[in-house]
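Some notes on the structure that comes next.
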Amino acid sequence: EQTFAQQIEQLRQTLRYHEYQYHVLDEPKIPDAEYDRLFHQLKALEQAHPEFADSHSPTQRVGAKPLAGFAQVTHEIPMLSLDNAFSDEEFNAFVKRIQDRLGVLPEPLTFCCEPKLDGLAVSILYENGVLTQAATRGDGTTGEDITANIRTIRNIPLQLLTDNPPARLEVRGEVFMPQAGFEKLNEMALAKGEKTFANPRNAAAGSLRQLDPKITRQRPLMLNAYGIGVAEGVLLPDTHFARLQWLKSIGIPVNKEIELCNGVENVLKFYRTMAEKRPHLGYDIDGTVLKINDIALQEQLGFISKAPRWAIAYKFPAQEELTV
Ligand SMILES: Cc1ccc(Cn2cc(C(N)=O)ccc2=O)c(C)c1
């Protein structure tokens, strides 16, 4: 015979497991209706026993009331934007710059190749395994606190699926609206004489900017993680691809098209394959993101963050140190 507390905790674990199977592995073990039944069973138990309330329960996705405005969040690590390439030649020039900086390496460079989802970049902070804050990218340094809205997105876990969570883990990813959900949303908006959205990206942006989470909750948004910002109390894998696999293993959804490519030819093949897949992915992408997979090499290469691309300091030769 289980106590109510045990029943409630068991249902929470069961729901988290099924959310992982459905949203992260795309391998549901039960029909949607069965998940729905369990979900409402937990809700009823929690309402009957408020002493066991827990804000991280799978039932706690919609905040109480609308916000008056969005607080600001300063990113501990800036969320920088990417340089663009628009041709094979420009990508080759990018690789050559890397090789010149690294010095020619024995084996070909390994790239982690990802589709570039056309949505909004967000930062989601988990402290001791529970979701505590989420923010938009903003200008890269400061974003808006959209925690309440992010909590309503069903494929974002409110709690990481691990027994020993990191003290702090910042997940970075793209929030997007699949095309089918976008079309359904615009149909409903038309039927209600409300404004429609021009494209899924605008619809996602508009949905995340809602002050009332009850509205955001009705929007078909999803997250795909693409990286890690702050990480404390955990030893991360030493390649980007392995880090994404780790995120997936603890319940964070990662795009299934991501793959490793050795050498430039295979990267360009990935780019062409994604161009072919683009019309039937079910969500908008505006290109690919190609990253050096090895973290040590990433750190060796660093960022061109502060330096503007349009200005350069042309210095005089160093003067001989004045000896006194
Ligand atoms: C009514 C209803 C309930 C749940 C879902 C989607 N879904 C399914 C599962 C599942 N099958 O394990 C788990 C989580 C979840 O979000 C839909 C589409 C509709």
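The values are calculated or read from the model by the stated rules, or taken from the named source; none is laboratory data. What you see is a predicted model; the values in this text were computed from it and never measured. Here Cβ is always computed from backbone atoms with ideal geometry, including for glycine, and neighbour counts include all displayed protein chains. Only protein heavy atoms, including side chains, enter the accessible area calculation; ligands, DNA and RNA are left aside. Shrake-Rupley method; radii C 1.70, N 1.55, O 1.52, S 1.80 Å.
For segment 120-151, which positions are surrounded by 22 or more Cβ atoms within 10 Å (Cβ to Cβ) and either of a type in the set (Val, Ile, Thr) or modelled with pLDDT under 95 (or both)? The answer is VAL122, ILE124, THR136, ILE146, ILE150.
From VAL267, VAL289, VAL254, grab the single residue that is in contact with a helix residue (DSSP H, G or I) (Cβ under 8 Å, 6 or more places away or on another chain) and under 22 Å from ASP83 (Cα atoms).
VAL267
Considering segment 167-222, the qualifying helices (runs of 4 or more DSSP H), each wholly inside and each with 3 or more residues that are within 22 Å of LEU82 (Cα to Cα), run over 200-208. One residue stands out among those in segment 5-49 that are touching a Phe, Trp or Tyr at 6+ places or on another chain (Cβ under 7 Å) and more than 10 Å from the ligand (Cβ to nearest atom): the one that is least open to solvent (accessible area, probe 1.4 Å), which is ILE8. Taking residues in segment 19-37 that are under 17 Å from LYS256 (Cβ atoms) and aliphatic (A, V, I, L, M), and partners anywhere that are open to solvent by less than 80 Å² (accessible area, probe 1.4 Å) and more than 6 Å from the ligand (Cβ to nearest atom), the pairs with Cβ atoms closer than 7 Å and at least 6 places apart or on different chains are VAL24/LYS248; VAL24/GLY251; VAL24/PRO253. Only one of the numbered conditions (1) more than 16 Å from the ligand (Cβ to nearest atom); (2) of a type outside the set (Lys, Arg); (3) surrounded by 11 or more Cβ atoms within 10 Å (Cβ to Cβ) is violated by THR74, and that is (3). Scanning segment 172-207 for residues that are open to solvent by 50 Å² or more (accessible area, probe 1.4 Å) and among the aliphatic types (A, V, I, L, M) turns up ALA180, MET188, LEU190, ALA191, ALA198. Here LEU161 fits the description: aliphatic (A, V, I, L, M), in a loop (DSSP other than H, G, I, E, B), open to solvent by 10 Å² or more (accessible area, probe 1.4 Å) and in contact with a Gly (Cβ under 9 Å, 6 or more places away or on another chain).
Return yes when LYS65 is at pLDDT below 95, more than 25 Å from the chain's Cα centre (by Cα), more than 10 Å from the ligand (Cβ to nearest atom) and closer than 21 Å to THR152 by Cα and no when it is not. In short, yes. Put simply, of ASP212, ASP238 the only residue that is farther than 28 Å from ALA68 by Cα and either more than 18 Å from the chain's Cα centre (by Cα) or modelled with pLDDT under 95 (or both) is ASP238. The number of residues in segment 5-16 being free of Cβ contacts under 8 Å to residues at least 24 places away in the same chain and within 27 Å of the chain's Cα centre (by Cα) comes to 1.
Inspection of segment 291-299 identifies no residue that is in contact with a Pro (Cβ under 8 Å, 6 or more places away or on another chain) and part of a loop (DSSP other than H, G, I, E, B). For segment 281-298, the tally of residues that are open to solvent by 70 Å² or more (accessible area, probe 1.4 Å) and at pLDDT 95 or above stands at 0. Could you check, for segment 78-95, whether at least one of its residues is open to solvent by less than 70 Å² (accessible area, probe 1.4 Å), on the phi > 0 side of the Ramachandran plot and at pLDDT below 95? The answer is no; no qualifying residue exists. For the criterion of being closer than 23 Å to ARG16 by Cβ and open to solvent by 60 Å² or more (accessible area, probe 1.4 Å), LYS248 passes.
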